[in-house]
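The values are calculated or read from the model by the stated rules, or taken from the named source; none is laboratory data. Predicted model, so just to flag it, every value in this text is computed and none were measured. Ideal geometry is used to build each Cβ from the backbone, glycine not excepted, and the neighbour counts take in all protein chains shown.
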Amino acid sequence: MMATVLLIGACAAPVAPQEWVGVSTDADGDHELTVLLNRAGARAFGEYTVGVSTGAFEGTIEDGSVVALLTASPTCTYQFQGAITESALTGSYGPDDCQGGLAGTWTLSRP
């Protein structure tokens, strides 16, 4: 019986990523932002696009709290902390290891 449950779980269709749209705001102004998030338990991973630049999102979501590492390039990462509900994803980010990187905020909603 247990093998059947595991087999059914392994064959389940993948869950589509959650899409979020909004703005990233920093000292240079507002920038169009799209985030595609996949979730597996507390783990959250995917990608974000600010203007024409795409980066990786890797972190956790627990009890509505989001903590993530944003990788803009192999030599540029940011720390992100925020909150998520069914309809909003908000938070702030700052350079972790990114020379000249700007701190800012994200404000997103489901399309």
Checking Cys76 against (1) exposed (fewer than 15 other Cβ atoms within 10 Å of the Cβ); (2) at pLDDT 95 or above, the condition it does not meet: (1)
Residue list for the range 13-38, filter: in contact with a Pro (Cβ under 7 Å, 6 or more places away or on another chain) and surrounded by fewer than 16 Cβ atoms within 10 Å (Cβ to Cβ): Glu19, Val21, Asn38
Met1, sole failed condition from (1) exposed (fewer than 10 other Cβ atoms within 10 Å of the Cβ); (2) modelled with pLDDT of 95 or more: (2)
Options Tyr93, Tyr48; residue that is crowded, with 18+ Cβ neighbours inside 10 Å, at pLDDT 95 or above and within 14 Å of Asp26 (Cα to Cα): Tyr93
Selection count where residues are over 12 Å from the mean Cα position of the chain (by Cα) and under 19 Å from Gly29 (Cα atoms), scope the range 51-71: 3
Test set (1) closer than 16 Å to Asp26 by Cα; (2) of a type outside the set (A, V, I, L, M); (3) outside any loop (DSSP other than H, G, I, E, B) - Gln99 fails condition number: (3)
